[in-house]
Amino acid sequence: EKMYRGNVKVIYDDPEKSLGKSDKEIVYLKSLMKPHIDKATKTFELVSPYFVPGDEGTEYLISLVKKGLIVRVITNSLSSTDGVMAQSGYARQRIELLKGGIELYELKADTKTKASRSLRRSANAKSGLHAKIYTFDREEVFIGSFNFDQRSANINSEVGIIYLVPKM
């Protein structure tokens, strides 16, 4: 077991977001994450079970590739998701993302790991992704509730931490 020390910053949506206030009136978590993404020079990697970038998010991710970053996404496949609507939103962008240089990885429903086997789940249990993690040059990491989708960006109140990975 390893323990790491470092600086952590908590970031969150202003709770008034749920009252329909705009990002010009209050602070949105997405605007607090953007500087971390923008200062990345090598990689931006994200894990999001409900990955629905929409047109704007797709353009933004492709612009990062054009800037020279490696952009990797891990998300659920159609077979592993419990959010079929989210999956259909993502499916519309998949070809454009791939053509734009985004590396896409999808979790298979029948993926079995040591952890899932140790839980003695039934043979027909399916694996599904639920983590929300973003790394910036593998020097900073965000862990929280924020999915890369319109609901997390504009409706839900989200929270997370930014952790600065200490130099070894």
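The values are calculated or read from the model by the stated rules, or taken from the named source; none is laboratory data. All values reported here derive from a predicted model rather than from experimental measurement. Every residue, glycine among them, receives a Cβ derived from its backbone with ideal geometry; neighbour counts consider all protein chains shown. Each accessible area value is taken on the protein alone, full model and side chains, heavy atoms only, with ligands, DNA and RNA left out. Shrake-Rupley method; radii C 1.70, N 1.55, O 1.52, S 1.80 Å.
Please find, within region 24-39, the residue that is most open to solvent (accessible area, probe 1.4 Å) out of those that are within 14 Å of the chain's Cα centre (by Cα) and among the basic types (K, R). Per the criteria, the residue is K34.
Yes/no matrix, rows are residues, columns are (1) in contact (Cβ under 8 Å) with a residue 24 or more places away in the chain; (2) of a type in the set (S, T, N, Q); (3) at positive phi:
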| position | (1), (2), (3) |
| --- | --- |
| P15 | yes, no, no |
| G20 | no, no, yes |
| H36 | yes, no, no |
| V47 | yes, no, no |
| T58 | yes, yes, no |
| L61 | yes, no, no |
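One line per residue, one yes/no per condition, for (1) part of a helix (DSSP H, G or I); (2) at pLDDT 95 or above; (3) hydroxyl-bearing (S, T, Y):
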| position | (1), (2), (3) |
| --- | --- |
| V10 | no, yes, no |
| K21 | no, no, no |
| E25 | no, no, no |
| A40 | no, yes, no |
| Y50 | no, no, yes |
| E59 | yes, yes, no |
| L64 | yes, yes, no |
